[in-house]
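In what follows, a structure is listed as structure tokens, so that the remarks can point back to it.
The values are calculated or read from the model by the stated rules, or taken from the named source; none is laboratory data. Quick caveat, the model's predicted, so the values are computed rather than measured. In this analysis, Cβ positions are derived from the backbone assuming ideal geometry, glycine residues included, and neighbour counts consider all displayed protein chains.
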Amino acid sequence: MTISLLEREFPNDHLPLLRWLMFTGVCTFGFVLAWYYGLFHLMLASDKTYISAIIVVLYIAATLHCCLRTAVISRETDSAQRVFALVSNGPPDLRVVGMDVVTADGTRLPAGQITAHIRNLILKATLQGRHRLDQTLLLRGLADALRGPNQLGSFASDALMKLGLLGTIIGFILMLSPIAGLDALIVLR
């Protein structure tokens, strides 16, 4: 189901960005409440290892990275939809002019990863002539270009979870350290 607020020639798809904003808005509200009631101060004051402060700083950095990547993904989705609308009107006669891909009527395809892929396909087809066009390397390059910068986000989420588990283990060790100092003879009396 599609909800259309403003009719345009090409619809904008900012759903990933809106989902990110909703999740981040709820998280920000929780952080503001924790700050207001002094829970952050309590957390930082009682943490001897400073892992909580490191996790908070890394979380903020990862959140900013996710914001940028989500905006780029939304922009790429818009560009891909516009390219699809221009190319799906029939068999287009596309040609490369400089760094741009132009249709037969002179319309330039919007910049983006899909347009760059189409440009690479046209150039490769021109260089190969009538031979069969193998797209394997070009498709792998497109997949790497679309997936590459997002790897940092998955690494950051794994690192934050592992730091949290490390903090739990260190907390158990610190909690149980007074027990190691008890004398067994005192306990038995």
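Looking only at the stretch 113-125, count every residue that is in contact (Cβ under 8 Å) with a residue 24 or more places away in the chain and not hydrophobic (A, V, I, L, M, F, W, C) and tell me the total. Step through it out loud before you land on a result.
Restricting attention to the stretch 113-125, the residues satisfying the condition of being in contact (Cβ under 8 Å) with a residue 24 or more places away in the chain are 113-118, 122-123.
Checking the rest, the ones that are also not hydrophobic (A, V, I, L, M, F, W, C) come to 113, 115, 117.
Count: 3.
One residue stands out among those in the stretch 65-117 that are of a type in the set (V, I, T), out of contact with any Phe, Trp or Tyr (no Cβ under 9 Å at 6 or more places or on another chain) and within 23 Å of L18 (Cα to Cα): the one that is surrounded by the most Cβ atoms within 10 Å (Cβ to Cβ), which is V83. Residues being within 30 Å of L174 (Cβ to Cβ), in contact (Cβ under 8 Å) with a residue 40 or more places away in the chain and not aliphatic (A, V, I, L, M) are entirely absent from the stretch 68-90.
State yes or no: is D134 in contact with a Lys or Arg (Cβ under 6 Å, 6 or more places away or on another chain) and either more than 17 Å from A62 (Cβ to Cβ) or surrounded by fewer than 11 Cβ atoms within 10 Å (Cβ to Cβ) (or both)? No: the conditions fail for D134. Would you pick out the residues in the stretch 33-45 that are under 20 Å from L160 (Cβ atoms) and exposed (fewer than 12 other Cβ atoms within 10 Å of the Cβ)? Scanning the stretch 33-45 gives a single hit, W35. Considering (1) in a loop (DSSP other than H, G, I, E, B); (2) in contact (Cβ under 8 Å) with a residue 40 or more places away in the chain, say which one N150 fails and leave the rest. For N150, the exception is condition (1).
Restricting the search to the stretch 53-64, which residues are under 21 Å from F23 (Cβ atoms) and either surrounded by 15 or more Cβ atoms within 10 Å (Cβ to Cβ) or not small (G, A, S) (or both)?
Residues of the stretch 53-64 that are under 21 Å from F23 (Cβ atoms), as a first pass: 55-64.
Scanning the stretch 53-64 gives I55, V56, V57, L58, Y59, I60, A62, T63, L64.
Every condition in (1) within 15 Å of L142 (Cβ to Cβ); (2) outside any strand (DSSP E or B); (3) touching a strand residue (DSSP E or B) at 6+ places or on another chain (Cβ under 9 Å) is met by H117 except one, and the failing one is (3).
Scanning the stretch 120-131 for residues being out of contact with any helix residue (DSSP H, G or I) (no Cβ under 8 Å at 6 or more places or on another chain) and either surrounded by 10 or more Cβ atoms within 10 Å (Cβ to Cβ) or part of a helix (DSSP H, G or I) (or both) gives a total of 6. Taken over the stretch 126-151, residues that are at pLDDT 80 or above and either touching a Cys at 6+ places or on another chain (Cβ under 6 Å) or of a type in the set (A, V, I, L, M) (or both) amount to 6.
Per the listing V72, V83, the residue uniquely in contact with a strand residue (DSSP E or B) (Cβ under 9 Å, 6 or more places away or on another chain) and outside any loop (DSSP other than H, G, I, E, B) is V83. Does E9 satisfy the criteria of being under 30 Å from L121 (Cβ atoms) and at pLDDT 85 or above? Here the answer is no, as E9 does not meet what is asked.
Looking at the structure I just gave you, is A156 part of a helix (DSSP H, G or I) and touching a residue at least 60 places away in the same chain (Cβ under 8 Å)? Can you show your working first?
On the way: part of a helix (DSSP H, G or I): yes; touching a residue at least 60 places away in the same chain (Cβ under 8 Å): yes.
Yes, satisfied.
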